[in-house]
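Comments concern the structure below.
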Amino acid sequence: MSGRSRPKSTEETPGKTRGATGPGSTRRKPSGKGEEKRDGSSKAAAPPMDRDKDRDRAGGRGGRTATVPRGAPSPTPAKTPLNSKPPPAAAPRTAARGAEDKNTPRNPPSSTTSIDYNPDRVLRDTLEKLKIKKTERNEATRCVNEIQKEIAKHLKESLDWCKEIQELKTGSHVENVKICESDEFDVMLVISVDRVDIQPFRGDGAFYSVALKRNSCKSLDKFLNKDKIIEASEMLTEFRKKVKECVPKLTSKYNITVEGKKPGCPAVTLQVKGKDGRIISLDFVLGLEVHSSSWPAITKDGFKIDNWLGKKVKTDLKRKPFYLVPKYEGKGTTECDGVKAKDAWRISFSHVEKEVLKNHGQSKTCCEGRPSCCRKQCLKLLKYLVRGLKEHHPKEAGKLCSYHAKTTLLHACAERGGDSEWEISQLSHCFQQVLSDFENYLRKQDLPNFFIPSHNLLKSAGLDKKTCNFLADEIEFQRNNCFPVFR
């Protein structure tokens, strides 16, 4: 910039604190008592460790202030980052940010002081940390495939209505956006149904009651009420019972425990402990595969991929069946038109999401061989940021999930559809845009379902306005301070 060579930063292992003179810091000139002289001698100088501690207390890693370009006016103290204590003279805090500070877990200050203020470098280093070892992925996949095969076989043999059950893998592993560890897998076990009548359970368009028409799927008759509506709770109970029955057959090879039933959850979750102590969470989700001439009318204004993947791709995908899973929100005994919430089904387009993320570019050859766009990288980073928020602010961010991150990315791709807008060389810029989108959704307390715009995912998750503002403030801080949560 001015002919001076920039000091090199010191790299550390992930999770440890870094710190050093960055672009936004100001260098104090030696003057007066206790200051270092040019020849290296000093009068009454504090030991190096004490100086580091003083720097931490004054706004270093322990109380970082916002960074600014070299030569710019000194900023006012920034909001407290995720993993540091506020400086003694911090600026007044908003009610949303200050309420829970005393309960916020903090990382201890470090004696090292090297911070890399190059956003692109920080993001690329973070992506390296998020990579999963191929051997780990392969071993976890082999384990899951064996268990999945045995569970499906047992269901087919023991339940009449499961004789034609099909396995559909969903989730971040098959979408190739899993981060950190191969520790979570999702498998949907689906029953194909024809000639059904689905009716909205409530106004947002995400939940439905399902009635069988005459002479369709006789094996499900025992789950019908007097109005021929499938009682999802009864169907899920029998499904769960049979999955649990199969577990003892697998214990000779695997250490498996079945998680307790959670209200409103459509999954039967198995915790599989490997020989190395790693735990894999395996979700088996019961689903109905609905074959219909079209998706529900409420999806008409959603799934806006025309300027991204094209109208032909959109038409082809909308010809695919959609899925319903036995999930509800609120109290299970709440009724709507004579149907209890626990007997409602939530619509799922996970198979379409998988297809879209797999073939995510306008060009059919996008990312063949090696990444040429940064769409998936942005999603991985956003998921990691959400994880960081949940770890540091469990009360406020506990209801955030990776699906909020995925939905934000899908909206961003639909809005900025061109491959040139997602070039891998523009990772930092693209991620800032995605984060800005997410921040805006939080400030508005409205993140529309990508397929059903009337379904607000934030309100559905129970995130109130105060909490959304708190999380938006945290994301704003991360964007403006080179992502301290990643360092």
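What follows draws every value from the coordinates through simple rules; no lab data is involved. This structure is a prediction, so every number in the text was calculated from the model and none was measured. Glycine gets a Cβ as well: all are built from the backbone with ideal geometry, and neighbour counts include every protein chain shown.
Going through the cross-link list Lys222/Lys406; Lys222/Lys318; Lys242/Lys331; Lys314/Lys406, which pairs have a Cα-Cα distance over 28 Å in this structure?
Violating the 28 Å Cα-Cα cut-off are Lys222/Lys406; Lys222/Lys318.
When you restrict to C-alpha pairs under 8 Å that are six or more residues apart and normalise by the size of the stretch 133-354, the relative contact order lands at 22 percent.
Only one residue of Ile229, Asn145, Gly260 has its Cα farthest out toward the positive end of the dipole of the stretch 133-354, where Lys and Arg carry +1 and Asp and Glu -1 on Cβ, and that residue is Asn145. Spacing of the modelled spin labels on Lys300 and Lys318, each 7 Å from Cα toward Cβ, amounts to 1.0 nm. By the count of neighbouring beta-carbon atoms within 10 Å, fewest first, Leu324, Leu189, Leu130 end up ordered Leu130, Leu189, Leu324. Mind scanning Lys311/Lys364; Lys340/Lys390; Lys131/Lys304; Lys149/Lys342 and naming the pairs with a C-alpha gap bigger than 23 Å? The answer is Lys340/Lys390; Lys131/Lys304; Lys149/Lys342. The charge dipole of the stretch 133-354, taken about the Cα centre with unit charges on the Cβ atoms of Lys, Arg (+1) and Asp, Glu (-1), comes to about 320 debye, rounded to the nearest 20. Based on the alpha-carbon gyration tensor of the stretch 133-354 and its eigenvalue square roots a ≥ b ≥ c, which shape applies: rounded if a/c is under 1.5, prolate if not and a/b is larger than b/c, or oblate? Note, shape of the stretch 133-354 comes out oblate.
On the beta carbon distance between Glu245 and Gln271, with R0 = 22 Å, the FRET formula returns roughly 0.80. Mean sequence separation of contacting Cα pairs (under 8 Å, at least six apart), scaled by the length of the stretch 359-487, corresponds to a relative contact order of 26 percent. For trypsin sites (Lys or Arg not before Pro), the sites in the stretch 275-338 that DSSP calls loop and that have at most 14 other Cβ atoms within 10 Å are Lys275, Lys300, Arg319, Lys331. Take the Cα of Lys331, step 7 Å toward its Cβ, do the same at Arg214, and the gap between the two points is 3.8 nm. Taking 0.36 nm per residue of separation and subtracting the Cα-Cα distance, full extension of the segment from Glu181 to Ser436 would add 89.1 nm.
Out of the chymotrypsin sites (Phe, Trp or Tyr not before Pro) in the stretch 380-487, which ones are loop residues according to DSSP with at most 11 other C-beta atoms within 10 Å? Loop-located and lightly packed - none at all.
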